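The values are calculated or read from the model by the stated rules, or taken from the named source; none is laboratory data. Every value quoted in this text rests on a predicted model; they were computed, and no experiment measured them. All Cβ positions, glycine included, derive from the backbone under ideal geometry; neighbour counts span all protein chains shown. Quick note on the areas: whole protein, heavy atoms, side chains included, nothing else; ligands and nucleic acids left out. Shrake-Rupley method; radii C 1.70, N 1.55, O 1.52, S 1.80 Å.
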Number of protein chains: 2
Amino acid sequence: MTTSSMKDVARAAGVSVGTVSNVLNRPDAVAEETRRRVLAAIASLGYVRNDSARQLRAGRSRNVAIVVLDVSNPFFTDVVRGAEPLVDSAGGVVTVCDSGEDVRREQRHLEILEEQRVRGLLITPVDDTSAERLERLTAHDIPVVLVDRGAGLHPHCSVAVDDVHGGRLAAAHLVEQGHASVAFIGGPLSIPQVRDRLAGCREVCERSGTRLETFTSVSLNVGGGRQAVEQMLRLPDAPTAVFCANDLVALGALQGLTMHGVKVPEECAIVGYDDIDFAAAAAVPLSSVRQPRAQLGRTAAQLLFEEIAEGKGHTHRNVVFQPELVARASTAVDL
Amino acid sequence: MTTSSMKDVARAAGVSVGTVSNVLNRPDAVAEETRRRVLAAIASLGYVRNDSARQLRAGRSRNVAIVVLDVSNPFFTDVVRGAEPLVDSAGGVVTVCDSGEDVRREQRHLEILEEQRVRGLLITPVDDTSAERLERLTAHDIPVVLVDRGAGLHPHCSVAVDDVHGGRLAAAHLVEQGHASVAFIGGPLSIPQVRDRLAGCREVCERSGTRLETFTSVSLNVGGGRQAVEQMLRLPDAPTAVFCANDLVALGALQGLTMHGVKVPEECAIVGYDDIDFAAAAAVPLSSVRQPRAQLGRTAAQLLFEEIAEGKGHTHRNVVFQPELVARASTAVDL
DNA sequence: ACCCCCGCGTGAAACGATTCAATTATTCCG
DNA sequence: CGGAATAATTGAATCGTTTCACGCGGGGGT
């Protein structure tokens, strides 16, 4: 009634458990007639394999986890969707974990995932402090691939987009349109991506003698953007252009500006980052720095499986993609 | 080096495995000094509990799964975020699965989840045919709570929003604004929510003598909406208002109309469904039927834990929320 | 006739934690 | 000071698989 085990199946089919296991795992090692009987027993008992027992024996699970900064950010769901098919066809299952940009939550997830002996881990770390926690996994033979973050000195494969360059693209675009002062909105600065995008932006601003103000948002989402822009508007001479660390923040900034009657792009231009699908559909279609989202996920999964396959003799690879500026109405100087 | 087990810890600390287990699970049953020694051994060996073994013994895992139709739809991520804190504080972990509106993928997930002996399941079923597959889980003592779907005759708790009424609200709003013909865009019709929203819409249209055309989209996303609207525009006298089965479709419809130079709302009004955050931020802010997304998730998790706690003597509850129309520019007749 | 191999099956030993009855050491009380 | 209650620890059984060395009977080759 409740749950039946292999033993029950074996009894019902009049064979040993070893044979039942064989029916499930190497069907051709067992005679036609026997197999039939066993399968019938399985069906009639409603037997379902117990994965815990399997995993215990195997020493590891078939799950691959992906830890993202924010599941409700379409950027990350696109990355996940990029990775899924690969994991899937490798017979794995994807577990999505949301760290919510919070180191403690990230840490908790890592602990649980390690207890679960996941087969591998794709992660966008919250922080630079995540590194040592990740090495612990690596030391325990759980391959880790960094997503949207270069590996630097750390012993992992990684898939990243050149964020410094992305920052440059955004800033250059704004400077080119004649803006004499630019605001950067994003935060917290502990997030590496934010720092890099800012760095690229700063580089261009300094070189071109453009004033740069930075406004730190609490979080990389719509609320954060709205709030930071409020702060900006309190300034006597607010910048005429903002570069936001991601599209959610940009959308929030757009809302904030509109609420205060500031016209976009006429009185204030906006560039976002990620080019999520919603960016193009926004009230004022957003210019944005595009990242190959799905490909990021796909490649990450690929690197993970390579590492799994190659085992000990594996050398880490760090793949870097180049971002691309997509100009839309939110920075259109004419029309 | 690789992975150490309780036995290793026990040896290192000079105690039995039973004691190590006690240190982990009922610390006060073990003497101060011993505990210290064991903890030291754990730390120095880098010991990590093996969850498979735990689960095997316990007979079930501590994971709660949630199966959604589309992870990249913010509606669902909001539902997930609503459920997460509760599961979390109950010591569980959430596994998010994406069925992609596909029965076979859903089925695959269910099989895997059952093998994993998840503690419980929140699911938005793809289809009416999902029902019997779900009863299998219930029969195996895995509580199931239906999300965004009434339970009807099925032996589950459920959390739903009155979709028929939502359909009525949308249609009534459009009719009230004087539209003489309305298009419904959504699909596939095998998805119950789509059918219900259409039913409510149809009811109001018939009562008010409004012409109703329905356009079936392949999928409930932006692409589906864009495509369906193309089809609509080929009609000699296309409707002057569309009601979309969700906001993604509505956003797609908006894009499609704009691309064909149809002005929204002047030449064609749009009402969406879900009121995701992006709806308000769209090129033309979308009128939409709001659902209490986070609360849906929260309540679902609550029901699940009630069922787990009450065990055999549990009676199923079916909670229904009422949707609410949010009118924005996409249906604004004046201004 | 002998041996070996092959195809099918068997049974028991892992895997790593939890649990509980049994054991030993300690303290308390009359 | 004996005996009982209390505290701390042990060891073995158990969960459900997978795996592997081994048995057994029947051909085929020489």
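Relative to the longest principal axis of the Cα atoms of chain A, the long axis of helix A:74-89 lies at roughly 30 degrees.
Contact order, relative form, for the stretch B:6-49: 42 percent (alpha carbon pairs under 8 Å, 6 or more residues apart, mean separation divided by residue count).
Got a sec? Which residues in the stretch A:5-25 would a label at A:Arg36 touch, if it sits 7 Å along Cα→Cβ and we count backbone N under 17 Å? So the set is A:13-15, A:23.
Within the stretch B:6-49, the proportion of C-alpha pairs whose separation exceeds 16 Å stands at 18%. Amide H contacts for A:Ala283 (H built 1.01 Å from N in the peptide plane; partners 5 or more residues away or on another chain; cut-off under 5 Å): B:Ala282, B:Ala283. Within straight-line reach of B:Lys7, meaning a Cα separation under 27 Å, sit the following lysines at least 8 residues removed in sequence or on another chain: A:Lys312. Out of A:Gly178, A:Gly225, A:Gly313, whose Cα points farthest toward the positive end of the dipole of chain A (charges: +1 Lys, Arg; -1 Asp, Glu; placed on Cβ)? The residue sitting farthest along the positive end of the dipole is A:Gly313.
Here the accessible area of the stretch A:81-173 is 52 percent carbon and sulfur, with a 1.4 angstrom probe and all protein chains present. Applying the Karplus relation 6.51 cos²θ - 1.76 cosθ + 1.60 with θ = phi - 60° to the stretch B:196-211 yields 3J(HN,Hα) values of 5, 5, 5, 4, x, 5, 4, 3, 5, 4, 4, 4, 9, x, 8, 6 Hz, where x marks Gly and Pro. Under the simplified labelling scheme, the B:Arg62-B:Ala294 pair shows an inter-label distance of 2.5 nm, with each label point 7 Å from Cα along Cα→Cβ. Our note on the geometry: Cα centres of the stretch B:92-141 and the stretch A:163-197, 44 Å apart. Hydrodynamic estimate: the Kirkwood radius of the protein assembly as shown over Cα pairs, inserted into Stokes-Einstein at 10 °C and 1.306 mPa s, corresponds to D of 59 µm²/s. Can you tell which of A:Ser158, A:Ser21, A:Ser61 shows the greatest fluctuation in a Gaussian network model of chain A with Cα springs below 10 Å? In this elastic network of chain A, the residue with the biggest mean-square fluctuation among A:Ser158, A:Ser21, A:Ser61 is A:Ser21. The trypsin sites (Lys or Arg not before Pro) of the stretch B:196-239 meeting both criteria, a DSSP state outside H, G, I, E and B (loop) and at most 15 other C-beta atoms within 10 angstrom of the site's C-beta, are B:Arg234. So, in Å, what gap is there between the alpha-carbon centers of the stretch A:315-335 and the stretch A:39-57? First find each Cα centre; the distance between them is then 49 Å. Compute the helix-to-body angle for B:163-176: its Cα long axis versus the longest principal axis of chain B, expressed 0 to 90° and rounded to tens. Helix B:163-176 sits roughly 30 degrees off the main axis of chain B. Karplus-based coupling profile of the stretch B:249-266, in residue order and whole Hz: 4, 5, 4, x, 4, 4, 4, x, 4, 4, 4, 8, x, 8, 7, 10, x, 3, with θ = phi - 60° in 6.51 cos²θ - 1.76 cosθ + 1.60 and x standing for Gly or Pro. Between A:Glu266 and A:Asp102, the simple spin-label model (points 7 angstrom out along Cα→Cβ) gives 4.3 nm. Considering only B:Thr95, B:Thr124, B:Thr299, the Gaussian network model of chain B with Cα springs below 10 Å gives its largest mean-square fluctuation to B:Thr95.
Among the GluC sites (Glu not before Pro) in the stretch A:210-317, those placed in a DSSP loop whose Cβ has at most 15 other Cβ atoms within 10 Å are A:Glu266, A:Glu267.
Rounded to the nearest 500, the 222 nm mean residue ellipticity of the protein assembly as shown from helices alone is -14500 deg cm²/dmol, with -39,500 (n - 2.57) taken per DSSP H run of at least 4 residues.
Summarising the amide proton neighbourhood of B:Arg317: residues at separation of 5 or more, or on other chains, whose placed amide H is nearer than 5 Å comprise B:Cys157, B:Ser158. Computed from label points 7 Å out along Cα-Cβ, the spacing between A:Leu189 and A:Glu115 is 3.7 nm. When the Gaussian network model of chain A links Cα atoms closer than 10 Å, the mean-square fluctuations of A:Thr129, A:Thr138, A:Thr240 top out at A:Thr129.
Burial annotation for the stretch B:114-130: residues with an accessible-area loss of at least 20 Å² between the isolated chain and the complete set of protein chains, computed on heavy atoms with a 1.4 Å probe, are B:Glu115, B:Gln116, B:Arg117. For the segment A:92-101, counting C-beta atoms of other chains within 10 Å of every residue's C-beta and taking the mean gives 4.
Quick one: compute the contact order of chain A, relative version, from alpha carbon pairs under 8 angstrom and 6+ residues apart, as a percent.
17 percent
When B and A come together, around 4200 square angstrom of accessible surface is lost from both chains combined, probe 1.4 Å.
Quick one: angle between helix A:222-233 and the longest Cα principal axis of chain A, in degrees between 0 and 90, rounded to 10, please. The angle comes out near 10 degrees.
In this assembly of identical copies, the label point of A:Ile308 (Cα plus 7 Å along Cα-to-Cβ) is separated from its counterparts by 2.7 nm, sorted shortest first. Karplus-based coupling profile of the stretch B:180-189, in residue order and whole Hz: 8, 8, 10, 9, 10, 10, x, x, x, 5, with θ = phi - 60° in 6.51 cos²θ - 1.76 cosθ + 1.60 and x standing for Gly or Pro.
Only protein atoms count toward the accessible area here, which uses a 1.4 Å probe; on the stretch A:6-49, the carbon and sulfur part of that area reaches 51 percent. Protein heavy-atom accessible surface, 1.4 Å probe, per residue over the stretch A:6-49: 57 Å².
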